[in-house]
1. Given A:Ala106, A:Ala72, which one is at the interface with another protein chain (Cβ under 8 Å from one of its Cβ atoms) and buried (at least 17 other Cβ atoms within 10 Å of the Cβ)?
2. So is A:Met105 closer than 21 Å to B:Met57 by Cα and among the hydrophobic types (A, V, I, L, M, F, W, C) or not?
3. Among the listed residues A:Ile91, A:Ile42, which satisfies the condition of being among the β-branched types (Val, Ile, Thr) and in contact (Cβ under 8 Å) with a residue 60 or more places away in the chain?
4. Give A:Leu185, A:Leu227, A:Leu216 a once-over and let me know the one that is in contact (Cβ under 8 Å) with a residue 60 or more places away in the chain and within 11 Å of chain B (Cβ to nearest Cβ).
5. For segment B:18-58, which residues satisfy the criterion of being more than 27 Å from A:Val75 (Cβ to Cβ) and either within 8 Å of another protein chain (Cβ to nearest Cβ) or without any contact (Cβ under 8 Å) to a residue 12 or more places away in the chain (or both)?
6. Looking at (1) within 30 Å of A:Trp35 (Cβ to Cβ); (2) touching a helix residue (DSSP H, G or I) at 6+ places or on another chain (Cβ under 8 Å); (3) more than 7 Å from chain A (Cβ to nearest Cβ), which one does B:Pro77 not meet, given that it meets all the others?
7. Give segment A:136-178 a look and list any residue that's in contact with a Gly (Cβ under 6 Å, 6 or more places away or on another chain) and among the aliphatic types (A, V, I, L, M), or say none.
8. When only residues in segment A:136-158 that are assigned to a helix (DSSP H, G or I) and surrounded by 18 or more Cβ atoms within 10 Å (Cβ to Cβ) count, which is farthest from the other protein chains (Cβ to nearest Cβ)?
Amino acid sequence: MSHSSTMDEAELSQEGLNGLVKDWSTDKQTYHVPWGKAMMWIFLVSDTFIFSCFLVGYMTVRVSTTDPWPLATEVFALSFFGSDPIPLILIALMTFVLITSSGTMALAVNYGYRRDRKKTVLLMIATAALGATFVGMQAFEWSKLIGYGVRPWGNPWGAPQFGSVFYMVTGFHGLHVSAGVIYLLVVARKVWRGDYEKKGYEIVEITGLYWHFVDLVWVFIFAFFYLL
Amino acid sequence: MSSASGQQHPLGIYLKVWILLFVLSLFSYMVDYLHVQGPLRWTLVLLFMALKAGFIMAIFMHVVWERMALALTILGPPSILLLLILLMAIEGNYTESARVQYLGHDPFAAPAHVSH
């Protein structure tokens with residue numbers, strides 16, 4: 001990475017507010033990270049705005065409708081082997097699957113920087129497998145709701161906006177997870193081949209940033225759509 | 001400076017945060033499972049949400065170890081969303097009150113229960 005050799009050590013030794021002023025008043029470079037990482041962060045900030053638009057739109061329709069909002073705790077209940085329906089259990093399991101995948105991803109980043117290629121690849125594949133599991137559970141959830149008669153324009157229990165918000169928000173998030181699974185597998189394959197032995201393993205951290213972001217969005221969807 | 005040579009930190013901190021995220025998720029699920037309602041539900045759900053989001057960003061996404069120039073680029077622009085949320089909440093409440101006042105809608109109708 002050429003940037004690290006051109007960086008002035010004295011400049012970087014300034015942290016906090018002084019460092020902020022120094023970084024923004026340099027001639028050449030503001031962000032002292034690999035360019036791919038800065039670009040990923042800028043993409044994630046823009047993606048934040050997309051998801052925020054959906055969630056703020058959800059808030060607006062939910063506040064403004066006078067129709068009763070369906071009870072998520074009952075809609076997403078599931079019974080196992082003829083038991084009483086357990087409230088929200090599928091969503092709880094999906095949350096745990098995604099958090100587990102975030103953990104394996106964090107470890108993959110760590111082993112990448114330790115140049116332990118085997119562990120990095122295995123952990124990335126585990127992350128992708130958990131992501132695929134999450135998407136599978138989401139497909140199951142969609143098919144259940146479609147079976148109940150939930151449509152983007154109506155449902156049997158209350159405000160029709162429930163369906164539009166559900167399919168839009170979880171669909172867009174699921175698309176992000178699916179894309180992330182593909183991204184992870186592509187990068188894992190290149191790590192396996194040893195493509196990054198020379199340039200270093202920042203790419204694993206960059207992939208990780210995307211994956212953690214997908215988990216981060218789910219934290220907000222879980223709270224606002226399913227719990228509140 | 002860690003970001004120059006890549007973000008390298010001991011494994012222990014990731015494992016601790018991982019466990020913490022599990023516990024916080026379990027807590028949020030318990031809020032629903034134990035039928036906590038009203039302002040307490042909102043407080044708890046939003047508190048656990050903020051803690052989870054904070055730990056994912058700070059530790060898993062390494063924001064706490066980044067230089068302030070990058071951290072502010074990440075956190076600054078989205079903070080303007082708070083204004084959008086406020087404005088849309090005002091607007092949504094106004095729309096609802098208009099529907100109640102002029103269209104005679106009942107704002108307290110209960111949703112139908114779900115039969116599995």
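Derivation of every value follows stated rules applied to the coordinates shown; laboratory data play no part. Values in this document were obtained by computation on a predicted structure and should not be read as measured data. With ideal geometry, Cβ positions are generated from the backbone for all residues, glycine too; neighbour counts draw on all protein chains shown.
1. A:Ala106
2. yes
3. Numbers: A:Ile42 fails: in contact (Cβ under 8 Å) with a residue 60 or more places away in the chain.
Checking each option against the conditions leaves just A:Ile91.
4. So the residue among A:Leu185, A:Leu227, A:Leu216 that is in contact (Cβ under 8 Å) with a residue 60 or more places away in the chain and within 11 Å of chain B (Cβ to nearest Cβ) is A:Leu227.
5. To start, the set of residues in segment B:18-58 that are more than 27 Å from A:Val75 (Cβ to Cβ) comprises B:18-20, B:54-55, B:57-58.
Residues satisfying the conditions are B:Trp18, B:Ile19, B:Gly54, B:Met57, B:Ala58.
6. Every condition holds for B:Pro77 apart from (3).
7. Across segment A:136-178, the qualifying residues are A:Val150, A:Val177.
8. So, considering only residues that are assigned to a helix (DSSP H, G or I) and surrounded by 18 or more Cβ atoms within 10 Å (Cβ to Cβ), the one farthest from the other protein chains (Cβ to nearest Cβ) is A:Gln138.
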